[in-house]
């Protein structure tokens, strides 16, 4: 965790280990994947190019990216501003990232080309819908307009001028030494290592940034200083203000950032980040000149409660005693008492006091169980999601994770069927159909 106040780093604290197998302690130079915090950097680069007159935010994206095409010809209405505000109507993700073409130098281009047979989810500019695809497309815009590779542009125009020398948008290529392991819930419900960070080239500006808490504090200093390092203007105050202003039909969203008014109307802007085995939070209170960065190499949902507590402390507000939230208690009971007591506790809590349950945190717990692997984890994840679906039937994240569980269980049971009855036409046909689905779950 790092805290910046009035352009000075006032606190850096590291707890835990880079890898539970090696027990190497985390330091300020330990590298984390930041997930969607990457989008803030991509948006900053777009605003740089806008300030230089190379991009007009109102111009349709296809005019900058000639290979961008879709079945639905209304894609021609998507502007740069729509993508920044997640109002492009594009799919949130699409499955083009499977295979070698999406790991090489042309990964971004190949990903966007694969949209050629897709349709829009909604009309451009009409409604907010979070889209990783939109930010990969912005990465392509940066490449086409700057005539540089995405990573090269970001390095030369944002990372290096700020002094973020331990940061990169291509972790594999740069062979980072201090990269943390990704931790998920293992078969014994304790933390387990998921595996090394695979190539992130295709998602780049949507979720590819790896960095340190030290480097992120340097970026926070720039933003609190109106976009300037003192020597270089990374982004203008006018552009920052535009990014930190709520748009039309976007709820609490601006351009890349979320914008809230908390604790008596104080302005808070933030962006979180999640990927397999990682969670992160980057929050700024511009009027109070405070920024907080929290990185976890365990996607446990703790980053915002920590951030909120720190901000309250910095503002001199009273804090309540720590509360063990149900997602923490469910995992604790899984580890200490087994699956049945844990699930019974969750069901009782949902029935008696649903306000105590964070649907988001509980869904993250179910997702971490999937990532940990094993039949037991998968079945428990299913039961958690089915309980959540009863009480939160319209929550997209619950339905997404439950769908993934059902998909994996279907594959498992049809494989078992074919093993026991090799001549089963149904089993073989269903495995063939399921295997043909071009998808890679996050």
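Taking region 159-183 as the region of interest, how many residues are part of a loop (DSSP other than H, G, I, E, B), modelled with pLDDT of 95 or more and over 14 Å from residue 38 (Cβ atoms)?
1
Scan region 355-367 for residues that are in contact (Cβ under 8 Å) with a residue 40 or more places away in the chain and surrounded by 22 or more Cβ atoms within 10 Å (Cβ to Cβ) and report the count.
The qualifying residues number 2.
Six or more apart or on different chains, Cβ atoms under 6 Å: show the pairs whose first residue is in region 325-342 and touching a residue at least 40 places away in the same chain (Cβ under 8 Å) and whose second is assigned to a loop (DSSP other than H, G, I, E, B) and surrounded by 20 or more Cβ atoms within 10 Å (Cβ to Cβ).
The qualifying pairs are 334/189; 335/189.
Determine whether residue 218 is buried (at least 20 other Cβ atoms within 10 Å of the Cβ), in contact with a strand residue (DSSP E or B) (Cβ under 7 Å, 6 or more places away or on another chain) and more than 23 Å from residue 134 (Cβ to Cβ).
Working: buried (at least 20 other Cβ atoms within 10 Å of the Cβ): yes; in contact with a strand residue (DSSP E or B) (Cβ under 7 Å, 6 or more places away or on another chain): no; more than 23 Å from residue 134 (Cβ to Cβ): yes.
So residue 218 does not fit the description; no.
Among the helices (runs of 4 or more DSSP H) confined wholly to region 103-158, which include 2 or more residues that are in the same structural domain as residue 88 (by TED's automatic domain parsing) and over 22 Å from the mean Cα position of the chain (by Cα)?
Working: elements: 107-113, 132-146, 150-154.
Hits in region 103-158: 132-146.
Can you find a residue in region 336-354 that is farther than 15 Å from residue 383 by Cα, modelled with pLDDT of 90 or more, surrounded by 12 or more Cβ atoms within 10 Å (Cβ to Cβ) and out of contact with any strand residue (DSSP E or B) (no Cβ under 6 Å at 6 or more places or on another chain)?
Looking for residues that are farther than 15 Å from residue 383 by Cα, modelled with pLDDT of 90 or more, surrounded by 12 or more Cβ atoms within 10 Å (Cβ to Cβ) and out of contact with any strand residue (DSSP E or B) (no Cβ under 6 Å at 6 or more places or on another chain), one finds at least one in region 336-354, hence yes.
Just give me the residues in region 123-174 being surrounded by fewer than 18 Cβ atoms within 10 Å (Cβ to Cβ), under 20 Å from residue 235 (Cβ atoms) and without any contact (Cβ under 8 Å) to a residue 40 or more places away in the chain, in sequence order.
148, 152, 156, 160
Do the conditions hold for residue 370, that is, is it under 21 Å from the mean Cα position of the chain (by Cα) and touching a residue at least 24 places away in the same chain (Cβ under 8 Å)?
On the way: under 21 Å from the mean Cα position of the chain (by Cα): yes; touching a residue at least 24 places away in the same chain (Cβ under 8 Å): yes.
Criteria met by residue 370.
Tell me whether region 435-442 contains one or more residues that are surrounded by fewer than 15 Cβ atoms within 10 Å (Cβ to Cβ), in a helix (DSSP H, G or I) and in contact with a helix residue (DSSP H, G or I) (Cβ under 7 Å, 6 or more places away or on another chain). Steps first, please.
So the first thing to find is which residues in region 435-442 are surrounded by fewer than 15 Cβ atoms within 10 Å (Cβ to Cβ), and the list is 435-440.
Applying the additional criterion that residues be in a helix (DSSP H, G or I) yields 435.
Then drop every residue that is not in contact with a helix residue (DSSP H, G or I) (Cβ under 7 Å, 6 or more places away or on another chain), which leaves none.
No, the conditions are met nowhere in region 435-442.
Among the residues of region 59-90, how many are free of Cβ contacts under 8 Å to residues at least 40 places away in the same chain and assigned to a loop (DSSP other than H, G, I, E, B)?
Within region 59-90, the first condition is being free of Cβ contacts under 8 Å to residues at least 40 places away in the same chain, and the residues that meet it are 59-60, 62-63, 73, 76.
With assigned to a loop (DSSP other than H, G, I, E, B) added as a condition, the list becomes 59.
The number of residues fulfilling the criteria is 1.
Need the failing condition index for residue 423 against (1) in contact (Cβ under 8 Å) with a residue 60 or more places away in the chain; (2) not in a helix (DSSP H, G or I), just the number.
The one condition residue 423 does not meet is (1).
Might you check whether a residue that is touching a strand residue (DSSP E or B) at 6+ places or on another chain (Cβ under 9 Å), at pLDDT below 90, more than 27 Å from residue 245 (Cβ to Cβ) and not in a helix (DSSP H, G or I) occurs anywhere in region 15-27?
Looking only at region 15-27, we keep the residues that are touching a strand residue (DSSP E or B) at 6+ places or on another chain (Cβ under 9 Å), and these are 15-21, 23-27.
If we keep only those that are at pLDDT below 90 too, we end up with 27.
Filter once more, so that each one left must be more than 27 Å from residue 245 (Cβ to Cβ): 27.
If we keep only those that are not in a helix (DSSP H, G or I) too, we end up with 27.
The answer is yes, given that some residue of region 15-27 is touching a strand residue (DSSP E or B) at 6+ places or on another chain (Cβ under 9 Å), at pLDDT below 90, more than 27 Å from residue 245 (Cβ to Cβ) and not in a helix (DSSP H, G or I).
Looking at region 113-129, is at least one residue touching a helix residue (DSSP H, G or I) at 6+ places or on another chain (Cβ under 6 Å) and at positive phi?
Looking for residues that are touching a helix residue (DSSP H, G or I) at 6+ places or on another chain (Cβ under 6 Å) and at positive phi, one finds at least one in region 113-129, hence yes.
Given the structure, is residue 262 within 29 Å of residue 87 (Cβ to Cβ), at pLDDT below 90 and touching a strand residue (DSSP E or B) at 6+ places or on another chain (Cβ under 8 Å)? Spell out the reasoning first.
Details: within 29 Å of residue 87 (Cβ to Cβ): yes; at pLDDT below 90: yes; touching a strand residue (DSSP E or B) at 6+ places or on another chain (Cβ under 8 Å): yes.
Judged against the criteria, residue 262 is a match.
The values are calculated or read from the model by the stated rules, or taken from the named source; none is laboratory data. In this text, all values refer to a predicted model and were calculated from it rather than measured experimentally. All Cβ positions, even for glycine, are placed from backbone atoms using ideal geometry, and neighbour counts span all protein chains on display.
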